[in-house]
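Reading through the structure tokens given below for one structure.
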Amino acid sequence: MSYFETQHAQPPSPLPTEPGEMRPGFLTLRTKFSLFVSLIIVLACSGLSGYLIQQEAEVMKSALLNTGTILVKTLNKVSVSRLIIQDTHYLETMLDGALSAPEVVYAIARDQDGNVLVGKSKGKLVNTTQLTRDETRPIFPDDSLTEALIAQDPQISRTEPLMTVLHFSPLKETLLSERAADRKSAEGFRIGSETIYDFALPVYRQERRLSTMELLTSESPQDSLKVSPGQSGIIGIIQIGMTTAPMQQELNQTIWHIGLLTVGIILLGILLTILLTSRIVTPLRRLAETSHKIAEGEFHVTITADTQDEVGQLTTSINRMVRALQHREEAISTYVHTITKQVTQLSTLHQTGIAITSTLDVQKLFSTVLKLLRENLGFHRMILVLQDPDQTRGIVSEVSGVSPELEQQVRHLEFPITPGTLDETLLIQGRPVLAYDLEKIAHRMNPLLLPICRRMGVMSFVSAPLLSHQRVLGYLGADRGNQRCTQEDLDLLMTIASHVAVAIDNARNFEDVEKLAQTLEERVAARTQELRSANERLQELDRLKSSFVSIVSHELRTPMTSIKGLVENMLDGLTGNLNDRQTFYLGRVQHNIERLTRMINDLLDLSRIEAGRMDLHQSTINIGSLAGEVVEMLQPMAQERSLILKAHIPDTIGFIQGDRDKIVQIFTNLINNALKFTESPGTVTVEVKQREDGMIQTCVVDTGCGIPLEEQQIIFERFYRAQSSEMKNRGAGLGLAITKSLVELHGGSIWVESAPEEGSRFCFILPVTLAPRKS
């Protein structure tokens, strides 16, 4: 049984629970929805209540502070004259009036030194609910609170009271300022304490009041507070204490009322949420029960839609889904059979592919593939026919499903490809054949194969050509015994034939590659031996050449030096006076001796470079300064040829690490070449600049004849002489090769930019090094 048959035969797995049942540990949708909405209501109501309570507390506190400020200012104004004469009776009456306010805890009138003239107190708070106080245990603030008022500048009048937050500790029965209470909170001053706002305002002696016009014409706002000595001064201080106990009691009542209202709103919201949830969830539960039945395979259930809302639309959609599932279940049964058959075919194709890729033996491949196809795809007999290389004959390569005697008779049978037969259709035209009835196409059958087919009892067959890279390699044929072949059989056989054709092509290519590889190995081995021998001969010749050049150069230097010295002596008149012709000839001799000397030196340098014996004496060099020196040194040569030799060298050129003599040789070779190939009037320019990549670039630019593009690729090779230049300007072809080698020895590179009749630009770059430190 195939995989798909096995899967279809299994019954659907049962659901873990019955409809309406919940697994342990899971909440129902109704519970989740109710909890979620209830949480939102609780949070919203709690947040709003907290905000209202906070706003109410701020309003109460602001009212308390305003009351204290107004009261202390009022007492300040009415007590000026009484403080001057220190009328304690009047002051007691005034303070008793202030204490009639429920928020006032104490009231004090002080003299100009801060001493208490009259002090009134309601006493300690003994009952926070009834707000009763014990007058026998008065509470007063510390005298230090008014020291700042007494110590202030007497030239400045204070119009606003000094407010201090005090906390009364029931444990120590003392009033402590807010800062001090914060410092000693660990000692218990905040436990059960009473908060009191202390208002203190100094009373001033007013000899003369400033008019409104004087206040407006004063130079600064501070001038309105300043009075001259003797005009005013502190004559006393009025101090009152405002308790927060009444405010706190009223705030507690407000909190209680708001809390009760909030709880009522929350309970009402939760009740409405439960009712709404039941309204929504009940239809959904019916849908869940129906879905469970559908999952168990009951496709004949229906649901009645009670509403036209989203739940009703969902109910209608489920009814449609049930009807669609009924039709789909019927179609699936039909599809399973088809899919099972196709899976079998795909499995056979896969096995065929494995067999094709596992061997390159053609005969083994043929027998394996035909056996697999016959056993798995239901074919009764199969035959494989190949085409000869001349495309004129067919050869039976393999048969399967016949008796051994018939197999022996048919295998390796050769037959000509006759025009108008099925052999031509398959082997020449490369088209498949579906023979539904053998007798109807007997006239197109090969005369050698038709009797064999009748002998085997073939009724119908299919044949597919083996095509690879637009070439027909043969064809594959099969029949189903007593059953008629169909187009599906032909399509399947064509798919298999394409894989078999590729396998045959690969096997043949592998055989060809093996033969070619064997031939190539033999040829490569012979050629390698020839190249090895030639390389050894070339190495020996190169060694002899280098040795010859070195020996000849050394041997030539001694006589050339002697000849040069003798010619110079004759030109200097040591052998007597010379006429003009003798002087001219000796001058030409001297010029050619110097030329030969340079060539010998170039040969020696090239020999050392090739042998790897060129030593560099490294030092830190200012290449800009060195370029300027070489330009000055070669100015006589430029003037002799009526040329302009100049340099463009910035002042901020970095240093390089190199051999000074070799760098001079590089400059000399490039500038000499530029002077040699530039006709008068002309210009040779030396440019030096520092690049952003840490390299110093030097260019020698001339306005000479230029170099063709094809010569620019080989101009730096040894012994190459430019073909585009005049014969008189051609040298030995070593200068640029030596220059290139010297630049590369210094870690740089050189190139040329040129065009015929537009001059040339030889550039090289060398790496920058750190400048030497000045001692």
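A few comments on the model shown:
- Pairwise FRET efficiency - residue 615 versus residue 505, Cβ, R0 = 60 Å, nearest 0.05: 0.40
- Normalised by residue number, the volume inside the convex hull of the Cα atoms of the range 361-405 is 85 Å³ per residue.
- Working note: Karplus 6.51/-1.76/1.60 with θ = phi - 60° gives the range 252-258 the couplings 5, 5, 5, 4, 5, 5, 5 Hz, where Gly and Pro are set to x.
- The length gained on full extension between residue 274 and residue 633, counted as 0.36 nm times the residue separation minus their Cα-Cα distance, comes to 118.4 nm.
- The range 580-668: relative contact order as a whole-number percent, Cα under 8 Å and 6+ apart: 35 percent
- Modelled label reach - residue 444, point 7 Å along Cα→Cβ, the range 472-506 residues with backbone N closer than 11 Å: none
- log10 of Debye I(q)/I(0), alpha-carbon scatterers only, for the range 457-514 at 0.12, 0.13 Å⁻¹: -0.35, -0.40
- Spin-label model, residue 415 to residue 534: label points 7 Å out along the Cα-to-beta-carbon direction sit 5.7 nm apart.
- Isotropically averaged projected area of the range 371-465, using the convex hull of Cα atoms (one quarter of hull area), nm²: 6.0 nm²
- Measuring between alpha carbons in the structure, the pairs from 564/662; 564/740; 689/740; 61/120 lying more than 22 angstrom apart are 564/662; 564/740; 61/120.
- For the range 378-513, the share of accessible area belonging to carbon and sulfur comes to 53 percent (1.4 Å probe, ligands and nucleic acids excluded).
- Length added when fully stretched, residue 519-residue 256, from 0.36 nm per residue minus Cα-Cα: 83.9 nm
- For the range 581-637, with all protein chains in place and a probe radius of 1.4 Å, 53% of the accessible heavy-atom surface sits on carbon or sulfur.
- Rounded accessible area per residue of the range 495-547, 1.4 Å, Å²: 74 Å²
- Annotation: amide H-H contacts under 5 Å for residue 684 (H modelled 1.01 Å from N, sequence separation of 5 or more, or interchain): 644, 645, 646.
- Phi to ³J(HN,Hα) by Karplus 6.51 cos²θ - 1.76 cosθ + 1.60 over the range 79-86, Hz, x for Gly, Pro: 10, 5, 5, 6, 6, 5, 8, 6
- Most to least packed among 621-630, 259-268, 277-286 [average Cβ atoms within 10 Å]: 621-630, 277-286, 259-268
- Distance between the 7 Å Cα→Cβ label points at residue 296 and residue 424: 7.2 nm.
- The residues of the range 597-682 expose on average 50 square angstrom of accessible surface per residue, using a 1.4 Å probe on protein heavy atoms.
- For the range 35-83, fraction of C-alpha pairs farther apart than 17 Å, in %: 60 percent
The values are calculated or read from the model by the stated rules, or taken from the named source; none is laboratory data. The structure displayed is predicted, hence computed values, not measured ones. Glycine gets a Cβ as well: all are built from the backbone with ideal geometry, and neighbour counts include every protein chain shown. The protein model used for the area step is the full one, side chains on, heavy atoms only, and it has no ligands, DNA or RNA in it. Shrake-Rupley method; radii C 1.70, N 1.55, O 1.52, S 1.80 Å.
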